[in-house]
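Chemist: For reference, the structure I am asking about is given below.
The values are calculated or read from the model by the stated rules, or taken from the named source; none is laboratory data. Worth saying up front: this structure is predicted, and the values here are computed from it rather than measured. Backbone-built Cβ (ideal geometry, glycine too); neighbour counts: all protein chains shown. Side chains are part of the model used for accessible areas, which takes the heavy atoms of the whole protein and leaves out ligands, DNA and RNA. Shrake-Rupley method; radii C 1.70, N 1.55, O 1.52, S 1.80 Å.
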Amino acid sequence: MNPSLVFIFSAVALMAVVMGALSVALWRGSQQGARMASQQNDAANNPALANAAVYRDQMAELDREFVMGNLNYEELKAARDELSQRLLVDVGAEGLTSAPVTSAASGKVLWRKPWLAIGLLVFVVPVSSMLMYSVLGEPAALDPMALKQGVDSSAEVTPEKLTEMATALTRRLQDEPNNMDGWVMLGRVQRARDRFEESAEAYAKALALSRDDNLSIERAEVLAQKNGGSFAGEPWAIIQRVLTADPLHLNALFLAGSASYAEMNFTTALRYWERAREVVSADSPDAPELDRAIAEARNKMGLPAIPPRAAKASELQASKAAMAAGSISGRVTLIKELQGLVAPTDTVFVYATPVAGSRMPVAIVRTTADKLPFDFVLDDSTAMNPSAKLSGMAEVTVRVRISKNGQAMAQPGDYGVSLTPVKLGSKGLNLMVRDTLQSTPQ
């Protein structure tokens, strides 16, 4: 049966049960009230009957006294005769035989009132219920065809609907400029309309309200679409900034691989995608697509194809071991005495330089002081120059610098620490910033 009909039948049945119970209770109450009113009216309109009732009670009291032995038969007979004479004197013979006309009329009226009340109940309850449902409920939900059409029409997003959505969102955001979710929605709608300039502006407004790396990656995609598919310039800068702060940011790794592939740099694309594949679980819906992308990149490089789900335990362990051997990891902390002197927005650089010779970093990551303590990983993916990679070094100097102005060059008053020499593959380094830049031998 249609769910809408089941709802209607159930509602009608419940309403009938409730009205039936209320009608029975109303009927019984009116009948009891009619009997009580009849007795009260009879007593009020015929005082003789009221007096007779009093004398009957007194007669009954004499009988109880006789049974209890407080009166003998002669005393009982004399008292009863006296009450009878008093009754005749008080009410007279005609008072005992008169009919209670008013009581009968009143009873007739009371017998009619329950039907009027029940009729009003049967009419008012259903009508008021339907009116309330029409105002507070969803009457269209009772029509399956209308509901189906509503779902179908909403599922079909036409250019006209996208234009209406963009117009409505633009007007709304004029009144609510701090609505971050509204700016994100406008950015996505404008992107669907191929309005990449307006989409990038909307994302910029959203990012001004919330520094979300996922939104930054979406904006990088939009900027690349605006540039005809080229990631040169700001799109690549956004990707690198996100990966510097979080080397395992999945969306950034996906886009970095796609950008490298679009530039025919298949080796770099493969490196980004393989790193992303280590993060993605085997049951993730992204895993098959990522595997196809990796296979395509290997094919472009002339490498042999790998079997499906190449993440075999031995190969995966070997890959992780190779990456660990070519990386350096640890934690940066700040002593308590400096916490009041370092602002949350100060830039924190963690980088590795050759032990001797050039001071140019071979790997670098950047974050802000509010992220401290900060766990870092330096490897080839964080290299500044592809021709000078960390994996080509046997040992390096690892440095930490906290800069208030965010400049790459060291400035007087910067806080930091350095550790030297550090062998490639070192893990669990503890770099505690205590004062201005100083070197600490390992």
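Chemist: Given 0.36 nm per residue, what is the gain on full extension from Ala60 to Leu341 after removing their alpha carbon distance, in nm?
Modeler: 90.7 nm is the gain from fully extending Ala60 to Leu341.
Chemist: For the residue pair Ala237 and Glu164, what label-to-label distance in nm results when each label sits 7 Å from Cα along the Cα-to-beta-carbon direction?
Modeler: Result for the modelled spin labels: 4.0 nm.
Chemist: Turning to a different aspect of this structure: Full extension from Ser391 to Ala25: what is 0.36 nm times the residue separation minus their Cα-Cα distance, to one decimal in nm?
Modeler: Stretched out fully, the Ser391 to Ala25 stretch lengthens by 122.7 nm.
Chemist: Same structure, new question: Compute for the range 324-428: radius of gyration divided by Kirkwood radius, i.e. Rg/Rh, restricted to C-alpha atoms, rounded to two decimals.
Modeler: Ratio value, two decimals: 0.96.
Chemist: I've got another one for you. How much length, in nm to one decimal, is gained on full extension between Asp246 and Leu131, taken as 0.36 nm per residue of separation minus their Cα-Cα distance?
Modeler: Here the answer is 35.6 nm.
Chemist: For Glu278, what accessible surface area do you get with a 1.4 Å probe? Give it in Å², rounded to 10.
Modeler: Roll a 1.4 Å probe over it and Glu278 shows about 70 Å².
Chemist: I've got another one for you. Give the aspartates and glutamates reachable from Lys226 as a straight Cα distance under 18 Å; neighbours fewer than 8 places away on the same chain don't count.
Modeler: Asp194, Glu197, Glu198, Glu201, Glu218, Glu234, Glu263
Chemist: Between Lys300 and Ala11, how high is the FRET efficiency from 1/(1 + (r/R0)^6) when r is the Cβ-Cβ distance and R₀ = 51 Å? Nearest 0.05.
Modeler: Efficiency, rounded to the nearest 0.05: 0.20.
Chemist: Cut-off 20 Å, label point 7 angstrom out along Cα-to-Cβ of Met264: give me the residues of the range 368-392 whose amide nitrogen falls inside.
Modeler: In the range 368-392, the label zone of Met264 (backbone N under 20 Å from the point 7 Å along Cα→Cβ) covers 386-387.
Chemist: What is the distance in Å between the Cα centres of the range 342-415 and the range 60-78?
Modeler: 120 Å
Chemist: Another one. Based on the Cβ-Cβ distance of Asn430 and Asp175, what FRET efficiency does E = 1/(1 + (r/R0)^6) give at R0 = 51 Å, to the nearest 0.05?
Modeler: 0.50
Chemist: In addition: Could you provide, to the nearest whole Å², the per residue accessible area of the range 156-258 with probe 1.4 Å?
Modeler: 52 Å²
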